[in-house]
Amino acid sequence: MSESILVVDDEAAIADLVEVYLKNDGYTVYKCADGASALACVESTPLDLAVLDVMLPDIDGFTLCQKIRENHLFPIIMLTAKVEDMDKIMGLTLGADDYITKPFNPLELTARVKTQLRRYTRYNAGELPPREPQEFDFRGLYIAKTNHKCTLYGEDLNLTPLEFSILWYLCEHRGTVVSSEELFQAVWGEKFMDSNNTVMTHIARLREKMHEPSRRPKFVKTVWGVGYTIE
């Protein structure tokens, strides 16, 4: 049985092109031109992956992604005409698994589709995994992935996307020590160099915004020679 893929794009030419390439690879394709019909399709049709355009006539793709994630865990790839890092980060924090910028090569999109389906099948063995946490709330620190909001003792923390990602990753691994190398590769997605002080610099800025004393921080603690942890 072929995998079923939802393609949501109000530009018919793009939707038709994506459909041709996906069908050539043996996938069953469902097309929608707006968010409302897409949500109806999601609730009525067993799907294995969705490709969502960010710019839709009724609701934006980010909102659509968030609504899908309330009940479904299949991979989501965002199509965006924007190249700003904030748009990419927003899509990923709201539950998207990948993004591709317009204009794009249809062969690249189909390759991304295959990768996401393979990863999803491999790690979940055809079963829905436990839902990942969308927020953490402990000892006065609150951080939410859905709306990119972070507060400390009720006061908003104005974090940059990178600072938010660092804090979120540490919260995800609360109680364990995360090395600078692991943190850098997880947040920046690049190979870590021993001489790179980027992580240390961003940790210092994060502590400053959290009003944390550098020597005795309450939240983001340094384990010398090992890495960082939130207990």
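The values are calculated or read from the model by the stated rules, or taken from the named source; none is laboratory data. Computed from a predicted model, the values in this text were never measured in an experiment. In this analysis, Cβ positions are derived from the backbone assuming ideal geometry, glycine residues included, and neighbour counts consider all displayed protein chains. Protein only, heavy atoms only, side chains kept; ligands, DNA and RNA dropped before computing areas. Shrake-Rupley method; radii C 1.70, N 1.55, O 1.52, S 1.80 Å.
Structure data summary
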quantity	calculated
Residues of the stretch 46-57 classified as under 16 Å from A12 (Cα atoms) and of a type in the set (D, E), total	1
Of all residues making up the stretch 176-197, the number that are at pLDDT below 85 and of a type in the set (G, A, S)	2
All positions within the stretch 96-140 that are at pLDDT below 75 and in contact with a Pro (Cβ under 8 Å, 6 or more places away or on another chain)	Y123
Residue in the stretch 182-205 that is within 22 Å of the chain's Cα centre (by Cα), basic (K, R) and farther than 29 Å from H72 by Cα present	yes
Filtered residue count, the stretch 205-231, keeping only those that are out of contact with any Ser or Thr (no Cβ under 7 Å at 6 or more places or on another chain) and either without any contact (Cβ under 8 Å) to a residue 40 or more places away in the chain or open to solvent by 80 Å² or more (accessible area, probe 1.4 Å) (or both)	14
T93 at pLDDT below 85, surrounded by 14 or more Cβ atoms within 10 Å (Cβ to Cβ) and polar (S, T, N, Q)	yes
Helices (runs of 4 or more DSSP H) lying entirely in the stretch 1-84 (those with 2 or more residues that are open to solvent by 50 Å² or more (accessible area, probe 1.4 Å) and under 20 Å from T115 (Cβ atoms))	12-24
Residue that is modelled with the lowest pLDDT, among those in the stretch 198-219 that are in a loop (DSSP other than H, G, I, E, B) and either over 20 Å from D137 (Cβ atoms) or of a type in the set (D, E, K, R) (or both)	S214
Residues of the stretch 169-192 satisfying the condition of being assigned to a helix (DSSP H, G or I), of a type outside the set (A, V, I, L, M) and within 13 Å of Y228 (Cα to Cα)	Y169, C171, E172, S180, E181, E182, F184
The stretch 1-23: number of residues that are closer than 21 Å to T121 by Cα and without any contact (Cβ under 8 Å) to a residue 40 or more places away in the chain	3
